[in-house]
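Here is the structure we will look at.
What follows is calculated from the coordinates using simple rules that are stated; it is not laboratory data. Keep in mind that this is a model prediction, so the values were computed, not measured. Here the Cβ is made from the backbone with ideal geometry for all residues, glycine too, and neighbour counts use every protein chain on show.
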Amino acid sequence: MKKIIYFDNAATSWHKPDSVYNAMNYFMRKVGANPGRSGHSKSIEAARIVYETRQAVAKLFGVKDSSHVVFTSNATHALNIVFKGLLQPGDNVITTSIEHNSVMRPLHYLEKTIGIRITVIPCRADGTLLPELFEEKIERDTKLIVINHASNVIGTLLPIREIGKISREHGVLFLVDAAQTAGVIPLDMAKDNIDLLAFTGHKGLMGPQGIGGLCIRNPVDMAPLMQGGTGSNSEYEIQPEVLPDKYESGTLNTVGIAGLGAGVKFIQEKCILNIRKYEKALTEQLIKELSTIAGIKLYGLCNAEKQISIVSFNIDGLKPSDIGYKLDKEFGIMARVGLHCAPIAHKTIGTFPEGTVRFSLSYFNKHKEIDYTVQALKKIIKSYKPR
Amino acid sequence: MKSFCLITFYATHYAIKAEMILKKNGIDVELVPVPRKFSSNCGIALTLPLEKENIAMDIIKNNKVQIEKTYQWDRD
């Protein structure tokens with residue numbers, strides 16, 4: 001197999017710990033049943049795996065009661081549950097100018113269909129903003145504040161604890177999109193003042209695609225996105241109110257949950273602080289090396305302490321798509337180019353509509369991969385002849 | 001015929017939680033399909049020896065496990 005350098009972990013992490021592959025294989029071969037639907041041993045065994053993963057996720061995010069961990073297919077699904085279930089006509093939602101489309105698209109849809117009002121707090125070009133700006137914008141009809149913990153384009157970490165505190169003081173619900181930070185940056189729903197936490201299983205949590213979740217701090221008046229069979233209340237044709245069943249209709253991605261459980265266990269064993277420390281060192285090296293190359297423009301804070309392991313850049317005179325193509329075909333380096341499903345973020349950093357090349361690193365990347373990539377970029381720049 | 005304590009739950013999540021906590025505390029429990037004569041929200045129930053009912057209820061209360069109802073179940 002050709003040498004592959006995988007720098008697209010913000011899209012999905014690769015590879016996964018062996019224990020994740022093993023847990024999924026074990027579930028499919030040895031367990032296989034539908035958790036909690038049937039009363040037989042295999043179904044109960046499947047239900048135990050689901051329960052244990054809920055417990056592990058609850059512990060990771062400081063959720064007191066694991067029945068408040070609702071499994072979804074991904075973070076987008078979790079965010080949609082909140083937006084569609086919570087918001088009423090006339091409600092105001094406050095968000096930032098560096099969000100992903102998983103926040104912007106459903107909000108704009110609700111703006112158009114039921115008439116919610118969206119307030120967008122502008123970030124600086126490096127992704128930072130002042131928490132106080134939220135306080136200025138909170139009004140009587142403000143129902144929800146939603147922000148991403150870190151930008152998927154430039155990696156900037158946002159001050160969620162401070163914003164959460166402001167939300168709390170004004171009785172506004174605070175939803176955090178932790179798609180890019182779960183498993184890398186410690187999160188505690190109580191300490192960080194988070195009411196609702198949307199996460200995905202296939203990035204920092206090292207699980208497979210197709211699993212994510214929503215953590216609910218205190219039950220809120222929020223309708224489920226779907227109704228259906230829950231393996232409970234089967235005599236009734238009405239959706240139950242009990243958690244987690246209320247928000248989990250239909251068969252879960254049980255094999256995905258098995259994988260997620262193994263991923264979370266891996267993170268606990270390695271210790272999230274060690275994972276963060278290593279990724280920070282990789283990011284520091286990458287930023288340092290890229291900033292020495294003439295012709296490369298970096299975006300964001302360029303500070304490994306204040307961002308996660310995501311770096312966006314461009315090369316003078318070259319389109320991001322061309323850079324990405326060369327990196328892949330000539331050097332085996334996998335990066336994501338373009339707008340990264342976050343057009344508003346690119347508008348904020350000034351790279352709309354062409355976008356950027358994005359490198360995103362994981363615990364499984366190596367320092368020597370960065371050395372190799374730096375050389376590759378130098379060759380690409382050298383070989384470019386202006387037309 | 002032997003008599004057991006049968007505990008029913010609102011959702012599978014709580015049945016599994018109860019099983020884990022009671023087993024951890026040394027109570028011999030078993031998860032079974034809910035016998036037809038007992039109606040329940042969740043299809044699996046927990047059984048344990050009748051004489052352990054009081055101690056089990058204490059453990060359940062101390063650990064804040066939500067249960068639906070308890071019954072005496074006369075099993076063949």
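Observations on the structure shown:
- Inter-chain Cβ neighbour average for residues A:48-55, partner chain, 10 Å: 3
- Between the Cα long axis of helix A:75-86 and the first principal axis of chain A there is an angle of about 50°, rounded to the nearest 10.
- Our helix-only sum for chain B, with -39,500 (n - 2.57) per DSSP H run of n ≥ 4 divided by its residues, gives a mean residue ellipticity at 222 nm of -9500 deg cm²/dmol.
- Among A:368-376, B:41-49, A:238-246, the order from most to least packed when residues are scored by Cβ within 10 Å on average: B:41-49, A:238-246, A:368-376
- Shape class of chain A from the alpha-carbon gyration tensor: oblate, with a/c at 1.5 or above and b/c at least as large as a/b.
- When the charge dipole of chain A is built from unit charges on Cβ atoms (+1 for Lys and Arg, -1 for Asp and Glu) and taken about the Cα centre, the candidate among A:Leu214, A:Tyr372, A:Gly324 whose Cα reaches farthest toward its positive end is A:Tyr372.
- Assigned charges on the beta-carbon of Lys, Arg, Asp, Glu; the range B:2-75 dipole about Cα centre (debye): 140
- Overall form of the range A:41-95 per C-alpha gyration tensor (a/c, 1.5; a/b vs b/c): prolate
- Remark: for residue pairs A:Lys191/B:Lys69; A:Lys112/A:Lys165; A:Lys246/B:Lys17; A:Lys16/B:Lys64, the C-alpha separation exceeds 25 Å in A:Lys191/B:Lys69; A:Lys112/A:Lys165; A:Lys16/B:Lys64.
- Computed from the Cβ-Cβ distance with R0 of 51 Å, the FRET efficiency linking A:Glu235 to A:Lys319 stands at 0.25.
- Legend: mean number of C-beta atoms from other chains within 10 angstrom of residue C-beta atoms, peptide B:31-38, equals 2.
- Counting DSSP beta bridges with both ends in the protein assembly as shown, the antiparallel % (nearest 5): 65
- Anisotropy class of the range A:150-195 from Cα gyration tensor, a/c 1.5 cut: prolate
- Counting Cβ atoms of other protein chains within 10 Å of each residue's Cβ and taking the mean over peptide B:5-13 gives 6.
- The packing ranking of peptides A:49-55, A:32-38, highest mean first, is A:49-55, A:32-38, where packing means the average number of other beta carbon atoms within 10 angstrom of each residue.
- Only one residue of A:Ile257, A:Ile94, A:Val20 has its Cα farthest out toward the positive end of the dipole of the protein assembly as shown, where Lys and Arg carry +1 and Asp and Glu -1 on Cβ, and that residue is A:Val20.
- Note on the protein assembly as shown: with charges restricted to the Cβ of Lys and Arg (+1) and Asp and Glu (-1), its dipole about the Cα centre is near 1480 debye.
- By the helix-only formula, in which each DSSP H run with n ≥ 4 contributes -39500 (n - 2.57) and the sum is divided by residues, chain A has a 222 nm mean residue ellipticity of -12000 deg cm²/dmol.
- Charge dipole (the protein assembly as shown, unit charges on Cβ, about Cα centre) - positive-most of A:Cys271, A:Leu110, B:Gly43: A:Cys271
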